[in-house]
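Trainee: So that we are looking at the same thing, I have put the structure below in structure tokens.
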2 protein chains.
Amino acid sequence: MTIRPPAEIGMPLDEVDTPALVVDLDAFERNLRRLADRVAGSGVRLRPHAKTHKCAVIALKQMELGAVGVCCQKVSEAEALVYGGVKDVLVTNEIVGKTKLRRLMGLAGSARIATCADDPAQVTALDAAAGEAGVTLPVHVEINMGGNRCGVEPGKPALDLARKIVDAPHLSFAGLQAYHGSAQHLRGWQERQKAIAGAVEKAAATRDLLAQNGIECATITGAGTGTFEFESASGVYTELQCGSYIFMDADYGRNLDRDGQATRAFEPSLFVWATVMSRPNEERAIVDAGLKALAFDSGPPTVWDEPAATYDRASDEHGRLLIASATNRLKLGDKVRLVPGHCDPTVNLYDWYVGVRGERVEAIWPIVARGAVY
Amino acid sequence: MTIRPPAEIGMPLDEVDTPALVVDLDAFERNLRRLADRVAGSGVRLRPHAKTHKCAVIALKQMELGAVGVCCQKVSEAEALVYGGVKDVLVTNEIVGKTKLRRLMGLAGSARIATCADDPAQVTALDAAAGEAGVTLPVHVEINMGGNRCGVEPGKPALDLARKIVDAPHLSFAGLQAYHGSAQHLRGWQERQKAIAGAVEKAAATRDLLAQNGIECATITGAGTGTFEFESASGVYTELQCGSYIFMDADYGRNLDRDGQATRAFEPSLFVWATVMSRPNEERAIVDAGLKALAFDSGPPTVWDEPAATYDRASDEHGRLLIASATNRLKLGDKVRLVPGHCDPTVNLYDWYVGVRGERVEAIWPIVARGAVY
């Protein structure tokens, strides 16, 4: 049931079947190195989020450049990564349900596995499952940094939960999960700086309260592609969880640098390769990539090879490009690169990355955690 | 790389891992029979769209109840269906590119395969590929019914293209593809009736123009779940392509019947089964189904088991439910059914249907064309 790869090694890009998920390997490697270089010597560790790429090959490349391990959100993602050779995985999420807990513990013999909790009942269940499996599981307290999703409130509620973990015979208290997701896409540099200043304050106050009560936070982990420079310089965060930096996407591309210009921290390396399959008139070109080939939650893709064309409307299997006279050169059968609006859920639609160097296919990597929702 | 099934046959629903794509088999079978009964004796044929379900098992069930075959949108979907035993597949789309054409022709030995065109260059390429494969391929002219996506304009442009197909040595002219997609979700019954009256007029005028020029339209195919009763009664359409009727979704559920009430033509049978994985406070419950488990292009899911709860916000792997005091009984670990906003792209996120009768798992069907984007 795995869909065949749309390419063969050595094939020119133009022959790759569409829609395909194409990685510009030069740009991708520059992104990988940029973050590794910025983190090296900073005193913080890098633990990239594999929910972005869902690919053990990429996780191992990140670790070769110094990452201490990776994060993911789901037990089934952790399985795919560990079975692909990744030796250190933090599930930055709450895990609820016996099946999931047993499967998580099943990985603890093959890799360092850790997770999070935001409720005493989860701690009880994690402890029971770890005891059953005969392992000691590191557990972080997730604190709500303002996104109002999961997480206990900073301060006293976090202390209460940390105490419960410390007291659990089969768990060890690993620190704080302190990711401020809703800060990542604030457009202005100063807005993001201010949001993270607030997060740092909450994390530091919680850390200090725990210390006053004899509980050490070995790790304060969080940060994303939009804000990592602030957490990195905070003196409080010890670990960064950036994910999207390897690929970027149209939405992250709208973030601004300190100088008010579009961010240059990383560059787009992920594209959906699509074919113009209909040219009904002068004003529109229809491509073969719609809702089943691209995520639209953060807006439509941009048309990389033809910036004057706009991706106007998606239906399930089609995309309508509005084109001006300047771009009417898009002919039936032409192929174009689209920059997805949001990389993570776009990647989740594909089974294979087609890695391209220049115009030649160099790698075909399986997206082993595609569809790993459990 | 195919993700494991989240259930076993015989398991109680409550033990099914989440998120999972659950089909209420009783409701599903009622939907199947409702449309089959309405079409029987009407003089029109039923050719349901398999782009909705992407599953050979379901296609064969539709054919057992009288459907003449199925439709799909992509060559790779056609492959999955034909290799799953379906003997008659119409690709209701333009197919561009040598790889795709060769693969399509490769199916013609195993099933009746037909497709569409909206450009003379496609006809030339289809003819060459059919000739190379030694087959005669039935080709429909797709006409633009007002959705302004693919399709030639009705009338003279359709005649010109039909002539080109008639003249092609390895093609046969099959008729008109006349699907009016943008009419399906017009909320009012009379709005939909009016839109389809316009479509019927265009299709009839084109059919008559072709007849005056000695070209017979054996088939005029189109219609969807929102409008089929109008095409069926038109005396012009000969074939219906409804897809979503088997499952329905929250968006189709907002269509109104003739009496101004929410449609009762079909009932929801497709659910995303999700777990409450965090209950941080009294006002919100976080479920484990977000952008990678549900499609949001037509709005968020509704909460079937707790209509007072609203699915407020999705992130990649989480959904935030806003809950009033009446629904605060949702506890950590509880499982709930969500009705997807849009069925087709939601199905495309899963590898398996979990068919449930009452509260017991009765079937686990592979979604063989999941991810079949080529």
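Trainee: Please go through (1) surrounded by 24 or more Cβ atoms within 10 Å (Cβ to Cβ); (2) free of Cβ contacts under 8 Å to residues at least 60 places away in the same chain for A:Gly106 and return the number of the only condition it doesn't satisfy.
Mentor: (1)
Trainee: Determine whether the range B:241-248 contains at least one residue that is more than 30 Å from B:Arg33 (Cβ to Cβ) and β-branched (Val, Ile, Thr). Step through it out loud before you land on a result.
Mentor: Quick first cut of the range B:241-248, residues more than 30 Å from B:Arg33 (Cβ to Cβ) only: none.
No, that holds for no residue.
Trainee: Which condition breaks for A:Arg187 when tested against (1) basic (Lys, Arg); (2) in a loop (DSSP other than H, G, I, E, B); (3) surrounded by 21 or more Cβ atoms within 10 Å (Cβ to Cβ)?
Mentor: Answer for A:Arg187: the failing condition is (3).
Trainee: Looking at A:Thr115, A:Thr99, A:Thr136, A:Thr124, which is the one that is of a type in the set (Ser, Thr, Tyr), at negative phi and crowded, with 20+ Cβ neighbours inside 10 Å?
Mentor: Numbers: A:Thr99 fails: crowded, with 20+ Cβ neighbours inside 10 Å; A:Thr136 fails: crowded, with 20+ Cβ neighbours inside 10 Å; A:Thr124 fails: crowded, with 20+ Cβ neighbours inside 10 Å.
Just a single option satisfies the conditions, and that option is A:Thr115.
Trainee: In this structure, does B:Ser232 turn out to be polar (S, T, N, Q) and within 14 Å of another protein chain (Cβ to nearest Cβ)?
Mentor: No.
Trainee: Still on this model: Take the range A:208-232 and flag every residue that is out of contact with any Asp or Glu (no Cβ under 8 Å at 6 or more places or on another chain), touching a residue at least 60 places away in the same chain (Cβ under 8 Å) and not in a helix (DSSP H, G or I). Before you say what the answer is, go through the steps one by one.
Mentor: Narrowing the range A:208-232 to residues out of contact with any Asp or Glu (no Cβ under 8 Å at 6 or more places or on another chain): A:208-209, A:211-218, A:224-232.
Then keep just the ones that are touching a residue at least 60 places away in the same chain (Cβ under 8 Å); that gives A:224, A:228-229, A:231-232.
Correct list: A:Gly224 only.
Trainee: Out of all the residues in the range B:299-316, which are touching a helix residue (DSSP H, G or I) at 6+ places or on another chain (Cβ under 9 Å) and either in contact (Cβ under 8 Å) with a residue 40 or more places away in the chain or facing chain A (nearest Cβ under 9 Å) (or both)?
Mentor: B:Gly299, B:Pro301, B:Thr302, B:Ser315, B:Asp316
Trainee: Same structure, new question: Let me confirm something: among A:Lys164, A:Lys202, which residue is modelled with pLDDT of 95 or more, farther than 26 Å from A:Asp297 by Cβ, in contact with a Ser or Thr (Cβ under 9 Å, 6 or more places away or on another chain) and surrounded by fewer than 23 Cβ atoms within 10 Å (Cβ to Cβ)? Walk me through it before giving the result.
Mentor: Numbers: A:Lys202 fails: in contact with a Ser or Thr (Cβ under 9 Å, 6 or more places away or on another chain).
Only one candidate qualifies: A:Lys164.
Trainee: Could you count how many residues in the range B:55-100 are touching a helix residue (DSSP H, G or I) at 6+ places or on another chain (Cβ under 6 Å) and touching a residue at least 60 places away in the same chain (Cβ under 8 Å)?
Mentor: Looking only at that region, the number is 6.
Trainee: Residues of the range A:142-169 being aliphatic (A, V, I, L, M) and assigned to a helix (DSSP H, G or I), which ones?
Mentor: Here is the first cut: in the range A:142-169, the residues aliphatic (A, V, I, L, M) are A:143, A:145, A:152, A:158-159, A:161-162, A:165-166, A:168.
A:Ala158, A:Leu159, A:Leu161, A:Ala162, A:Ile165, A:Val166, listed by residue number.
Trainee: I've got another one for you. Quickly run through the range A:317-360 and pick out the residues that are more than 9 Å from every other protein chain (Cβ to nearest Cβ) and small (Gly, Ala, Ser).
Mentor: A:Gly319, A:Ala324, A:Ser325, A:Ala326, A:Gly341, A:Gly355, A:Gly358
Trainee: Another question, then. Scan the range A:117-149 for residues that are in contact with a Cys (Cβ under 8 Å, 6 or more places away or on another chain) and either within 10 Å of another protein chain (Cβ to nearest Cβ) or basic (Lys, Arg) (or both) and jot them down.
Mentor: Taking the range A:117-149 and keeping what is in contact with a Cys (Cβ under 8 Å, 6 or more places away or on another chain), we get A:118, A:139-142, A:144.
Answer for the range A:117-149, where residues must be in contact with a Cys (Cβ under 8 Å, 6 or more places away or on another chain) and either within 10 Å of another protein chain (Cβ to nearest Cβ) or basic (Lys, Arg) (or both): A:Asp118, A:Glu142, A:Asn144.
Trainee: Could you check the range B:275-298 and list, in sequence order, the residues that are more than 9 Å from chain A (Cβ to nearest Cβ), under 29 Å from A:Ser315 (Cα atoms) and part of a loop (DSSP other than H, G, I, E, B)?
Mentor: B:Leu294, B:Ser298
Trainee: Return the pairs, sorted by first residue and then second, in which the second residue is hydroxyl-bearing (Ser, Thr, Tyr) and surrounded by fewer than 19 Cβ atoms within 10 Å (Cβ to Cβ), the first residue lies in the range A:273-285 and is assigned by TED's automatic domain parsing to the domain that holds A:Arg313, the beta carbons are less than 9 Å apart, and the residues are 6+ apart or on different chains.
Mentor: A:Glu282/A:Ser325; A:Ala285/A:Thr327
The values are calculated or read from the model by the stated rules, or taken from the named source; none is laboratory data. Everything quoted here is computed from the prediction, not taken from an experiment. Note: ideal-geometry Cβ built from the backbone for every residue, glycine included; neighbour counts use all protein chains shown.
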